[in-house]
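Chemist: Next up is a structure, given as structure tokens.
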Amino acid sequence: MTRPAMGRDELPSRPRRALKHTLLIAFGVVMLYPLLWMVSSSVKPDDLIFRDPSIWPTELDLSNYTNGWTALEHPFQHYLWNSAVIAIASVVGNLLSCSLAAYAFARLRFRGRNVFFALMLSTLMLPIHVLIVPQYVLFSWLDWINTDLPLIVPKFLAHDAFFIFLMVQFIRSLPRELDEAARIDGCGHFRIYWRIIMPLSAPALATSALFTFIWTWNDFFSQLIFLTNPDLYTVPVALRSFLDGQGETAWGQLFAMSIVGLVPIFGFFLAGQRYLTQGIATTGIK
């Protein structure tokens, strides 16, 4: 039995596909190089980190991890715990408050809804450096400086307009017939929100949770401003303590603890990667 001849456009498709994959792999290596270099530097002696820029260490010094773990005022798990408390509380706050606000914008009809929605979206254009001064004055008046409250409480007040917009887009894609059927069964707005909208919005909620966790865990500026007590330092602020402007900087220990600080982010991302892809697709296309 003779095989059918390949068409004219099928032959050159293989070289094009191979070239495309080669370019993507090369681009991926370039993007991963800083991370690979940091991993390599975390197991090098300090005097070889900048003298030997290759990602293959010629000498291994695993003491950077053991020494860096106890180099600061507290063991490094103390700062990991502080970051975990703030990040998890922020995730819970954003999911509750932003989903409630999104349900109101997507399902309720009230006077000035479009105006308030436009004002909410306009806050996305305000940089954090503009807001930090009035926020600091307000939190200082409330005596919240050097506590976790300035970093957690705003998350329970629908503070992040990006996640409200993301959830609004997803909720609007859900058929209103579900609401009408639930209303016939005697459900009010809150039961519709909790029993129907929330379960169906799992992809959008997972996307919001992932971004909230990653952004909060990596937040350096706000945590540096509001947390000046070393007992309350989070991972980003604690890593800054390894830098010494007047003496020697423990680069190896800094890179080693940076790798440790990245582990929760990678774990959280890998656990919800499927929901992240689905949530971005469903909220961005519809």
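Nothing in this text is a laboratory measurement; each read-out follows from the coordinates by a stated rule. All values reported here derive from a predicted model rather than from experimental measurement. Positions of Cβ are backbone-derived with ideal geometry, glycine not excepted, and every protein chain shown enters the neighbour counts.
Chemist: Taking amide H positions as placed in the peptide plane 1.01 Å from N, state which residues far from ALA250 in sequence (5 or more) or on other chains have amide H under 5 Å from it.
Modeler: Residues meeting the criterion, in which the H sits 1.01 Å from N, are ASP244.
Chemist: Also, I was wondering about something else. Please compute the modelled spin-label separation between ARG191 and THR249, points set 7 Å along Cα→Cβ, answer in nm with one decimal.
Modeler: 6.0 nm
Chemist: Considering every Cα-Cα pair within region 56-150, what fraction, in whole percent, is farther apart than 15 Å?
Modeler: Here the tail beyond 15 Å accounts for 79 percent of pairs.
Chemist: On to the next question. For region 148-155, in order, what is each residue's ³J(HN,Hα) by Karplus, 6.51 cos²θ - 1.76 cosθ + 1.60 with θ = phi - 60°, in whole Hz (x at glycine and Pro)?
Modeler: 7, 4, x, 8, 10, 4, x, 5
Chemist: Wrap a convex hull around the Cα atoms of the chain, take a quarter of its surface area, and give that in square nanometres. Mind showing how you got there, number by number?
Modeler: Working: hull surface 102.0 nm².
The orientation-averaged projected area of the Cα hull of the chain comes to 25.5 nm².
Chemist: Sticking with this one: How far apart, in nm, are the 7 Å Cα→Cβ label points at ILE214 and ARG111?
Modeler: 4.3 nm
Chemist: Taking θ as phi - 60°, what are the ³J(HN,Hα) couplings along region 32-37 by the Karplus curve (6.51, -1.76, 1.60), each to the nearest whole Hz, with x for Gly and Pro?
Modeler: Calculated HN-Hα couplings, in order: 8, 4, x, 5, 5, 5 Hz.
Chemist: Short version: ³J(HN,Hα) in whole Hz for each residue of region 223-238, in order, from phi by Karplus 6.51 cos²θ - 1.76 cosθ + 1.60 (θ = phi - 60°), x for Gly and Pro, what are they?
Modeler: 5, 5, 6, 8, 10, 10, 7, x, 5, 9, 4, 9, 4, x, 6, 5
Chemist: Over the chain, what relative contact order in percent results from Cα pairs under 8 Å that are six or more residues apart?
Modeler: Relative contact order of the chain: 29 percent.
Chemist: Mean residue ellipticity at 222 nm from the helices of the chain, using -39,500 (n - 2.57) per DSSP H segment of n ≥ 4 over the full residue count, to the nearest 500 deg cm²/dmol?
Modeler: -20500 deg cm²/dmol
Chemist: Using a ≥ b ≥ c from the Cα gyration tensor of region 30-97 (square roots of the eigenvalues), is it rounded, prolate or oblate, where a/c under 1.5 gives rounded and otherwise the larger of a/b and b/c decides, a/b for prolate?
Modeler: Note, shape of region 30-97 comes out oblate.
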